[in-house]
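Participant: Encoded as structure tokens, here's the structure I'll be asking about.
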Amino acid sequence: MRDVRRDLANLTRSLERIPAKGGGRQVMVIGAEADESAPGVAASLALLLSGRSTKSTWLIDLDLSSNHQYFAFKSKLFDRTGRPGRAFDGSLNVKPFYNVIPELRTRNGQTQSRAKLLAVHQIEGTKLMVSRFRNESLGKNQHLQVNSSADFWTALRGASDWAVVDAPPLEFSRAGLAVCRHMDGVILVINADQTHVDQISALRDEIETHGGHCLGVVVNGVKSDARFADRISL
């Protein structure tokens, strides 16, 4: 994961033109393939937007089993940025955007609430909140599935100025497709040396089929410039 904040100034200004709908604005970053560029773009973008926030900016990691974003900040991968502080309940007291399969149960067999498994940590010295899923609460036979419920994302608009959602690459997970329709837009991250133009079109079409709206493309691995390949249309 790399800090690419200096390459995303134009993107940040473009995103600020998105009309606010019922509160804060929300964007998703998703990679075409499995590499470290998309998480770096998501984290860098969230840091930039947090500096422009009155309330807060939330960085939601949809790779719930790994918590890559939380551990990246804990490891100080971003210069001049603090570490995650103490945990806060990130459930917003609404139906969560994930399912635990099979459901959590208490010792007497009763269904246990899954609403309190998402924590958020404020990054020291910023208004950025980074998510962390409490995987230690799950049993060995349990797994997670991101659902398409709107409740959490609607509540988050009222609690924050911005949410940046880091979705796993589509070749490995459908989590981003379950959530994309709740976003104000989706940003695709591609590798200039590996991703074919037909693949970009196919990814865009699949996102839009699921109700999402593609804002544009961030190109990774361009020698002369690491910013946009396509202009964002807002």
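The values are calculated or read from the model by the stated rules, or taken from the named source; none is laboratory data. Not measured: the values here are computed from a predicted model. Backbone-built Cβ (ideal geometry, glycine too); neighbour counts: all protein chains shown. These accessible areas exclude ligands, DNA and RNA; they are computed on the full protein's heavy atoms, side chains included. Shrake-Rupley method; radii C 1.70, N 1.55, O 1.52, S 1.80 Å.
Participant: Just to check I understand the Karplus step: with θ = phi - 60° and J = 6.51 cos²θ - 1.76 cosθ + 1.60, what whole-Hz values come out for the stretch 37-45, glycine and proline as x?
Facilitator: 6, 5, x, x, 5, 4, 5, 5, 5
Participant: Once Kirkwood radius over Cα pairs in Å is worked out from the coordinates, which option in (1) 18.7; (2) 18.0; (3) 19.3 does it equal?
Facilitator: Computed from these coordinates, Kirkwood radius over Cα pairs in Å corresponds to label (2).
Participant: Work out the FRET efficiency for Asp89 and Thr12 from their Cβ-Cβ distance, taking R0 = 30 Å, and round it to the nearest 0.05.
Facilitator: 0.55
Participant: Measure off, as a whole percent, the carbon and sulfur share of the 1.4 Å-probe accessible area of the stretch 43-188, all protein chains present.
Facilitator: 46
Participant: Report the accessible area of Asp79, computed with a 1.4 Å probe over the heavy atoms of all protein chains in place, in Å² rounded to the nearest 10.
Facilitator: For Asp79, solvent-accessible area is about 100 Å².
Participant: Given points 7 Å out from each Cα along the Cα-Cβ axis, report the Thr154 to Glu124 separation in nanometres with one decimal.
Facilitator: 3.9
Participant: Here is a further query. Just to be sure I understand: of the beta bridges DSSP finds with both ends in the chain, what percent are antiparallel, rounded to 5?
Facilitator: Taking every DSSP beta bridge with both residues in the chain, the antiparallel ones total about 40 percent.
Participant: Can you give the accessible area of Phe88, probe radius 1.4 Å, in Å² rounded to 10?
Facilitator: The accessible area comes out at roughly 80 Å².
Participant: Which lysines, if any, have their Cα less than 27 Å from the Cα of Lys74, not counting same-chain residues under 8 positions apart?
Facilitator: Cross-link targets: Lys55, Lys116, Lys127, Lys140.
Participant: Give me the accessible area per residue for the chain, probe 1.4 Å, as a whole number in Å².
Facilitator: 48
Participant: Using a 1.4 Å probe on the protein heavy atoms only, what accessible surface does Arg52 show? Give it in Å² to the nearest 10.
Facilitator: Approximately 120 Å² of Arg52 is accessible to the 1.4 Å probe.
Participant: Separate question: Between helix 197-209 and the chain, what is the angle of the helix's C-alpha long axis to the longest principal axis, kept within 0 to 90° and rounded to the nearest 10?
Facilitator: Roughly 40 degrees between the two axes.
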